[in-house]
Structures are given as structure tokens and as C-alpha cells.
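The structure under discussion appears below in the form of C-alpha cells.
The values are calculated or read from the model by the stated rules, or taken from the named source; none is laboratory data. A quick note: this is a predicted structure, and the numbers were derived from the prediction, not measured. So basically every Cβ, Gly included, is an ideal-geometry build from the backbone, and we count neighbours across all protein chains shown. Keep in mind that these areas ignore ligands, DNA and RNA; they rest on the heavy atoms of the full protein, side chains included. Shrake-Rupley method; radii C 1.70, N 1.55, O 1.52, S 1.80 Å.
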Amino acid sequence: MKVFFYVQHLLGIGHLKRAAVLARALAVSGFDVTLVSGGAPVQGIDVDLQLPPASAADSSFKTLLDQAGQPIDGAWKRDRAGALLDAWRASRAEVLLVELFPFGRRQMRFELLPLLEDATRLAGRPLIVCSVRDLIQSRPEREEETVALATRFFDRILVHGDPRLAPFERSFGAAPRLEHRLHYTGYVVAEASGGSGGGAEVLVSAGGGAVGRRLLESAMLAREHTLLRGATWRVLAGINCGEADFRALERLAGPGIVLERSRADFTALLGNCALSISQAGYNTVAETLQARVRAVLVPFAAGGESEQTLRAELLAERGAVAMVDAAKLSPQTLADAVNRAVRAPRPPADLVDLNGARRSAELLREWLQ
């Protein structure tokens, strides 16, 4: 059974990373998966089809740039929509899996609406499924349109979360109107590389690194004010950290601080650290909960983003993490949060369901029978 899986990342790499984990799980389950990416190539994440890449100019997501860093125009949109449609038709897939849309990625309607319309017109209509994370950017004014699109095009919606922690309606109020289409899978996370959460290092990370400099700087300056000032602090700037930002971080990396761009063994480092300091993106949080490591979350909130803040708040309410609001971030507030987290117990093993990749494959197979 063939699955045509579309994903578009615009600023960070989280959407592509989660899609790749899910695609691998589907392949292991016996599906023939074509993973199609519309974002910039990411080292270490393989895709089956790379479309001409688009990225966001900034955290407002209002302007899309092409591979040369120029704003995309009508001709670019037509060419890419055509390439996507040609690939879809050539795949002859039984499943069309679309990441996030219609709950986000409105910028990509120029290619997604023709794709979905083509799929619904086929004589042997494929199963059309949306793959969406636990929480989305809340926009109540767009919910009516979103429900209409979901009802018109999508047979099922895979919500990659656990309603015990984050019911989908916390960020999408109209979720009850899609009740018969919504299916929770649990969190999608790759299998851990091992570790006991009892190591000595502090691991500081900012995902892909496109928007993490302030957090990393604050962590470096906070170190001497924490109970873990005697530990090595390993700071991962991210593969998308700009050269100027990396050089600025290097100047702060004194004794006891190891600065690197990224590590292929991130999950092993996470599983063996004394404490994790990070933003509150989906993938990092899922990996942190899997490792059951003490953590401080500083959610990304630029451009009015609310998804990470809500995720961090829900976890903090359960005592699973310490949280610092991005607006209040300073070396001292971060140091205080580190000290709270150090004194707290590790998160419980059963806090959330982390079998989302496997369960997604099971659900797709059930729906195709």
C-alpha cells in the first residue's frame, strides 16, 4: 500500500523531523512511503522527493522565500504546484497524507487545494488523511474555514498527541465538530538511543537553531548562578544557527561550557543528562518526556506564537517541567528555574502516550481494510 506524504517546514525543522519519524514507522509497518518535502533540505533527514524549497522570511510567516532568498511569485507557485501534482499522479498512492493543513500552512493553498481536489476526483478515491501535532497556533477567526476544508477534503485526522495532557480543543475550539474524524495517536517520537537520565551534563538546545540565540545566551550566563554550576553545560546551537550568532555564542563559552552546532546522538545525550534546557517544540518535548529527564522549557513566542507556551504550561501544571515565559527570560529567571527543576522529581513514565508513530500506522491499515 502506497502513501504519498506531504510536509512543508518554513522556519524550524520540527515538522520535517516528525514527518520523517512517522514515515519510517509506516515503512516498517509495510507501507510504501513517498515523503515529499517543500522546505529547505536538512542534513541527516532524507526525503523521497524534494520540491523547489520555500522558507519563511521571519517568524511572521507572511513572506515566503525561494531557494535564492527571493520572494516567491506567481510563476514560482504555478511551477511548484505543477511539480507536486505530477508527482502525486505518478505515485498512484492509496493514501494521501498531508501534514498540518488545513490547521495551518495556509500559505501553501496554491498547491494543496489543487492536490486535494485532484485526489477527491479520482475514480478510485484515495484515503485522505491530515497529520497534525498535539496543539496548533490558535486562530479562532479561522476555525469556520478550517472545519469546512477538513469536512470537504479529509476522511480522517491523526492528532499526534494525548488528550490526557493536551486535548485538541485547547488550541482548536471547533474540534468537537470534527469528532468523528479526529483520532489521537499519542506523541510521535523516534526510539530512544538509551540512557538513564542520571548523567552529569546539562544539555542546552534550541531545535534547529533559527530562533534560539537569546535562550542559549541566557543559559550560558545563568550557569554560575545554579546548583549545577560545577557540571559541564553542553550547548547545541542548531544547524540553522547563523554564523554571526554562532560566533557571538562562542565568545560566551567559557570554562565548563561546550558549544557545538548539533549532535547526531542528541537523544542519547538527552537520555544521559542531568537536566535539559530547551524551547517547547513538539519534538524536543516528546524526546524529553521519553527520556524522563528533568527539564526547563522556555517556549518560543515570537510573532504571536502560542503553541509552545500552551504545551509548556500544561506540562508545568503537572509538575513535569519548570517553565520560564519567554517575555521574562533572563539569566536569573533561568537560573531560578534550573534550581527548581533540579530539586523536582523526574517526570513519570506514564505521563503521556509516546507510541504515536506505531499507532498511526495501525490506524491507516485499519482504515484501508
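So what's the net charge close to residue 55: Lys and Arg +1, Asp and Glu -1, counting the other residues with Cβ under 14 Å from its Cβ?
Details: positive: 62, 80, 105; negative: 58, 66.
Charge balance near residue 55 sits at +1.
Stretched out straight at 0.36 nm per residue, the stretch from residue 86 to residue 179 would grow longer than its current Cα-Cα span by 30.2 nm. Just the protein heavy atoms count here, and of the accessible area of the chain at 1.4 Å, carbon and sulfur take up 48 percent. FRET efficiency for the pair residue 66 and residue 122, taken as 1/(1 + (r/R0)^6) with r the Cβ-Cβ distance and R0 = 35 Å, rounds to 0.70. Per-residue Karplus couplings for region 172-178, computed as 6.51 cos²θ - 1.76 cosθ + 1.60 with θ equal to phi - 60°, are listed in order as 9, x, 8, 3, x, 6, 10 Hz, Gly and Pro entered as x.
Expressed to the nearest 5 percent, the antiparallel share of DSSP beta bridges inside the chain is 10 percent. The modelled label-to-label distance for the pair residue 325/residue 248, using points 7 Å beyond Cα in the direction of Cβ, is 2.4 nm. With contacts taken as Cα pairs under 8 Å and at least 6 residues apart, the chain reaches a relative contact order of 16 percent.
Taking 0.36 nm per residue of sequence separation and subtracting the Cα-Cα distance, how much length would be gained by fully extending the chain between residue 224 and residue 351, in nm to one decimal?
Numbers: separation 127, 0.36 × 127 = 45.72 nm, distance 3.19 nm.
Full extension from residue 224 to residue 351 adds 42.5 nm.
Which FRET efficiency value, to the nearest 0.05, is calculated for residue 342 and residue 164 with the Förster distance at 22 angstrom and r the Cβ-Cβ distance? With R0 = 22 Å, the Cβ-Cβ based efficiency is 0.25.
Counting Lys and Arg as +1 and Asp and Glu as -1, what is the net charge of the other residues whose Cβ lies under 12 Å from the Cβ of residue 80?
Numbers: positive: 77, 78; negative: 66, 73, 79, 86, 111.
That sum, taken over residues with Cβ under 12 Å, equals -3.
Among 344, 206, 264, the largest mean-square fluctuation in a Gaussian network model of the chain (Cα springs under 10 Å) belongs to 264. Which residue fluctuates the most in the chain, going by a Gaussian network model with Cα springs under 10 Å, if the choices are 94, 224, 144? Its mean-square fluctuation being the largest, the pick is 144. Average accessible surface for the chain: 42 Å² per residue, computed with a 1.4 Å probe over protein heavy atoms with every protein chain in place. Within the assembled protein chains, the solvent-accessible surface assigned to residue 229 is about 120 Å², based on a 1.4 Å probe. Among the lysines of the chain, pairs at least eight places apart or on separate chains and with Cα atoms under 26 Å apart come to 4.
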